[in-house]
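Working notes, beginning with the structure itself.
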Amino acid sequence: MVQNPQEKMRLINDDIDYNAILADMNELIGLSEVKEKLNVLLLSTLGRRMEAQKLGEIDLEKPNLNFVFEGNPGTGKTTVAAKMAKILYEFGLIEDIIPVEIDAAALVNSGVGDTAKAVKQMFKDHSGRVIFIDEAYSLATHGTDAIDAINKCLTDKRFEGNQALILAGYSDDMERMMAMNDGMSR
C-alpha cells in the first residue's frame, strides 16, 4: 500500500531523553562524521521544536534526512542504518522504525524511462522510512538515469523530508558516483 507523504514531523513527548536515544549509536566505535551530522540534525530539531512551542505551533516541517556511508564491507553501514532508523523514529522524523533495504540493481531498468519510474515508485512506497541502498555506486553502471532520478526526488517537494535516504558503498566508488550529478553532493 502506498503511503501518503507526511509533510510534518510526528509529535513526540516533550520530555524526550536525547542522550538515551543516542546511547546505542554512541557505543559504536568511530563514525565521528555520522555521529556529528546526526547530533547537529537532532539538536537543530530540538531547537526548532522549542521555538515552535513558544510560538504555539503544533507541526514543524521535516528536515532533509539524507546520508552517504562510505567504507569497506564489515564496517557497520547496515548496522548504523538500522540504529539511525530507530533514532529518527524516536525523534518523530520518520514514521517507521524498521529500515527498508533496496537492491540497487532493482532500480536500474533497461527500458527508456523505466529507471526514473522505479526510483519515483521507491520514494512513494517507502515514505516515512529509512531507505538504505548498499553498493549504491552500482546505480551508475548504466549511466546517470538512476542518480539523476534520485536527485530529482530528493528535491521534489512531494518527497523532500518524507524519508531518510542512506546510500552506502566503497569510498572511491561512491565518490565517483556522487560526482556524476552535482546535486547529489548537496
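The values are calculated or read from the model by the stated rules, or taken from the named source; none is laboratory data. It should be emphasised that the depicted structure is a prediction, and the values quoted were computed from it without experimental measurement. As a convention, Cβ positions derive from the backbone with ideal geometry for all residues, glycine included, and neighbour counts pool all protein chains shown. Note: areas computed on protein heavy atoms with side chains; ligands, DNA, RNA excluded. Shrake-Rupley method; radii C 1.70, N 1.55, O 1.52, S 1.80 Å.
Is it the case that residue 85 is in a helix (DSSP H, G or I) and more than 15 Å from the chain's Cα centre (by Cα)? Don't jump to the end; show me each part of the working.
Working: in a helix (DSSP H, G or I): yes; more than 15 Å from the chain's Cα centre (by Cα): no.
Here the answer is no, as residue 85 does not meet what is asked.
Could you pull out every one of the helices (runs of 4 or more DSSP H) wholly within the stretch 109-184 that has 1 or more residues that are β-branched (Val, Ile, Thr) and open to solvent by 30 Å² or more (accessible area, probe 1.4 Å)?
Per the criteria, 145-155.
Just to be sure I understand, how many residues within the stretch 177-186 are farther than 20 Å from residue 102 by Cα and either touching a strand residue (DSSP E or B) at 6+ places or on another chain (Cβ under 7 Å) or in contact (Cβ under 8 Å) with a residue 40 or more places away in the chain (or both)?
The number of residues fulfilling the criteria is 1.
Among the residues of the stretch 22-60, write down those that are at pLDDT 85 or above, in contact with a Lys or Arg (Cβ under 9 Å, 6 or more places away or on another chain) and not in a helix (DSSP H, G or I).
Selection gives 28 alone.
Of the residues that sit in the stretch 125-176 and are in contact with a strand residue (DSSP E or B) (Cβ under 7 Å, 6 or more places away or on another chain) and β-branched (Val, Ile, Thr), which one is farthest from residue 112 (Cα to Cα)?
This residue is 130.
Which one is modelled with the lowest pLDDT among residues in the stretch 135-177 that are farther than 12 Å from residue 67 by Cα and in contact with a Ser or Thr (Cβ under 7 Å, 6 or more places away or on another chain)?
This residue is 162.
Looking at residue 8, is it closer than 19 Å to residue 162 by Cα, of a type outside the set (A, V, I, L, M) and at pLDDT 85 or above?
no
In the stretch 19-66, how many residues are open to solvent by less than 40 Å² (accessible area, probe 1.4 Å) and among the hydroxyl-bearing types (Ser, Thr, Tyr)?
Number satisfying all stated conditions: 1.
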